[in-house]
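Visitor: Below you will find the structure I want to go over with you.
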Amino acid sequence: MEYKISKTATLYGRVSIGKGTVIEDNVILGSSQDGELTIGRDSIVRSGAIIYSGVKIGNSFKSGHNILIRGNTQIGDDVLVGTNAVVDGDCRIGNGVRIQTGAYITRYTTIEDDVFMGPLCVTTNDKYMKYGTELKGPVIRRGAKVGANSTILAGVTVGRKSIVGAGAVVTRDVEDNDVVIGNPARSLRGSKDA
């Protein structure tokens, strides 16, 4: 099988779909933006998904229903983007990442390999909420786990193999291998606020 695409899916512009990939009903691939949309082999894009032009997705990608991935985003191999999740433009997502249902990944976010982003977690990129300020997304380092309903503020780095507890509000960088909880997030190792 080259690839399988539903008759109700819509393609705009340049779209490249890998061998063995399935595109379900009412999916919109591509947009009026410049650039090619590439989806690797052996992937599945479930019904209601919208993926803009200028996005590059690796092999073995899986989406939930009704996801949105905006332009100039790069996604590695073996990545899950869960139902109703939003990945805004200019994001970099590594291999083996799991983005759960309803998560919001703001523009300019970097998520390294093997990261877990829990259901309904939120990242932000606007520290001052003022028009014209520089937007800077967070960096989630390799192997980190971000719990459900947590919020990672603009420009924050979440360290390698660290854990952000459910509902935490992370206002400062989290060290590698640390565990933070609460609002504002505090280290369970007794170090400073995170």
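The values are calculated or read from the model by the stated rules, or taken from the named source; none is laboratory data. Just so we're clear, the structure is a prediction, and the values are computed from it rather than from any experiment. Here the Cβ is made from the backbone with ideal geometry for all residues, glycine too, and neighbour counts use every protein chain on show.
Visitor: Quick one: which residue in Asp88, Asp77 is of a type in the set (D, E, K, R) and under 10 Å from the mean Cα position of the chain (by Cα)?
Guide: Asp88
Visitor: Now a separate question. Could we say that Arg14 is out of contact with any Lys or Arg (no Cβ under 9 Å at 6 or more places or on another chain) and charged (D, E, K, R) here?
Guide: Here the answer is yes, as Arg14 does meet what is asked.
Visitor: While we're on this one: Looking for whichever is in contact with a Cys (Cβ under 8 Å, 6 or more places away or on another chain) and not in a strand (DSSP E or B) here; the options are Tyr128, Tyr108. Which one fits?
Guide: Being in contact with a Cys (Cβ under 8 Å, 6 or more places away or on another chain) and not in a strand (DSSP E or B) holds for just one of Tyr128, Tyr108, which is Tyr108.
Visitor: Does Ile50 count as farther than 20 Å from Gly118 by Cα and of a type outside the set (Ser, Thr, Tyr)?
Guide: Yes; evaluated as a whole, the condition is true for this residue.
Visitor: Can you name the residue in the stretch 162-194 that is within 17 Å of Met117 (Cα to Cα) and either acidic (Asp, Glu) or modelled with pLDDT under 95 (or both) and is also surrounded by the most Cβ atoms within 10 Å (Cβ to Cβ) among such residues?
Guide: Asp178
Visitor: On to the next question. Looking at the stretch 92-105, which of its residues are assigned to a loop (DSSP other than H, G, I, E, B) and either over 19 Å from Arg160 (Cβ atoms) or of a type outside the set (A, V, I, L, M, F, W, C) (or both)?
Guide: Gly94, Asn95, Gly96, Gln100, Thr101, Gly102, Ala103
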